[in-house]
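There's a structure below that I have some questions on.
The values are calculated or read from the model by the stated rules, or taken from the named source; none is laboratory data. From a predicted model like this one, the values you see are computed outputs, not experimental measurements. Glycine gets a Cβ as well: all are built from the backbone with ideal geometry, and neighbour counts include every protein chain shown.
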């Protein structure tokens, strides 16, 4: 049986359909890949902030409490700052100056390195012990617009009415934060 040749106009029509399918698939794969990257970086920063704040709190436990109270607080601040600044995060990706973790008489660490990475207060559960609660916190604003120190590291992708990544906002700002509270 002789083979029938496909007319040329039909073949050209087929090539056009393949190009349209390729364009649609390319856009969907690109958006998926971009979303993976754009959502992974805020997740990585949040987890890193939590890990570094926990490491800094563990390092603060090692500070000798048999000092004058002002010297003890300054030594805690130096140790916390040392651990945070020795981390892998670039300086423009991390910031302290977090709000206190809750109500109470939280006092900001003295910020001997220029940035306060936490708060201290007397432990109310056992005030007779004179033990302190240390709150170590790292944060970074992660907004769509604004100065470079507060903008998203990977710029948002806006398609139609969607924005990737679309992160939750509080008072009009997105803040990535990791914190640890520990009793000294």
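For the stretch 102-118: of the residues being touching a helix residue (DSSP H, G or I) at 6+ places or on another chain (Cβ under 8 Å), assigned to a loop (DSSP other than H, G, I, E, B) and within 10 Å of residue 135 (Cβ to Cβ), which is modelled with the lowest pLDDT? Full working, then the answer.
Going residue by residue through the stretch 102-118, those that are touching a helix residue (DSSP H, G or I) at 6+ places or on another chain (Cβ under 8 Å) are 109-113, 115-118.
This time we only want the ones that are assigned to a loop (DSSP other than H, G, I, E, B), so: 109-113, 115-117.
When the remaining residues are screened for being within 10 Å of residue 135 (Cβ to Cβ), the result is 109, 117.
Working: 109: 87, 117: 90.
Checked the stretch 102-118; the qualifying residue modelled with the lowest pLDDT is 109.
On to the next question. Return the only residue of 65, 69 being more than 27 Å from the chain's Cα centre (by Cα), in contact (Cβ under 8 Å) with a residue 12 or more places away in the chain, closer than 27 Å to residue 119 by Cα and surrounded by fewer than 16 Cβ atoms within 10 Å (Cβ to Cβ).
65
Do any strands (runs of 3 or more DSSP E) entirely within the stretch 134-184 hold 2 or more residues that are under 30 Å from residue 122 (Cα atoms), and if so, which? Write out each step before concluding.
Values: elements: 157-159, 162-164, 175-183.
By residue number, 175-183.
Next question, about the same structure. Looking only at the stretch 1-30, count how many residues are in a loop (DSSP other than H, G, I, E, B) and either within 30 Å of residue 164 (Cβ to Cβ) or modelled with pLDDT of 65 or more (or both).
Summing the residues that are in a loop (DSSP other than H, G, I, E, B) and either within 30 Å of residue 164 (Cβ to Cβ) or modelled with pLDDT of 65 or more (or both) in the stretch 1-30 gives 1.
In addition: Out of the residues in the stretch 156-172 meeting the condition of being surrounded by 12 or more Cβ atoms within 10 Å (Cβ to Cβ) and free of Cβ contacts under 8 Å to residues at least 60 places away in the same chain, tell me which one is nearest to residue 140 (Cα to Cα).
Ranking the candidates gives 169 first.
Output the residues belonging to the stretch 96-111 that are within 22 Å of residue 127 (Cα to Cα) and touching a strand residue (DSSP E or B) at 6+ places or on another chain (Cβ under 8 Å).
Initially, the stretch 96-111 is screened for residues within 22 Å of residue 127 (Cα to Cα), giving 100-109.
Selection gives 100, 101, 104, 105, 106, 107, 108, 109.
Residues to consider are 179, 126, 131; find the one that is under 30 Å from residue 68 (Cα atoms), over 21 Å from the mean Cα position of the chain (by Cα) and modelled with pLDDT of 80 or more.
131
To keep it simple, each residue is scored yes or no on (1) farther than 21 Å from residue 178 by Cβ; (2) at pLDDT 90 or above; (3) assigned to a loop (DSSP other than H, G, I, E, B).
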residue: 48; (1), (2), (3): no, yes, no
residue: 54; (1), (2), (3): no, yes, no
residue: 58; (1), (2), (3): no, yes, no
residue: 65; (1), (2), (3): yes, no, yes
residue: 76; (1), (2), (3): no, yes, no
residue: 79; (1), (2), (3): no, yes, no
residue: 82; (1), (2), (3): no, yes, no
residue: 89; (1), (2), (3): no, no, yes
residue: 92; (1), (2), (3): no, no, no
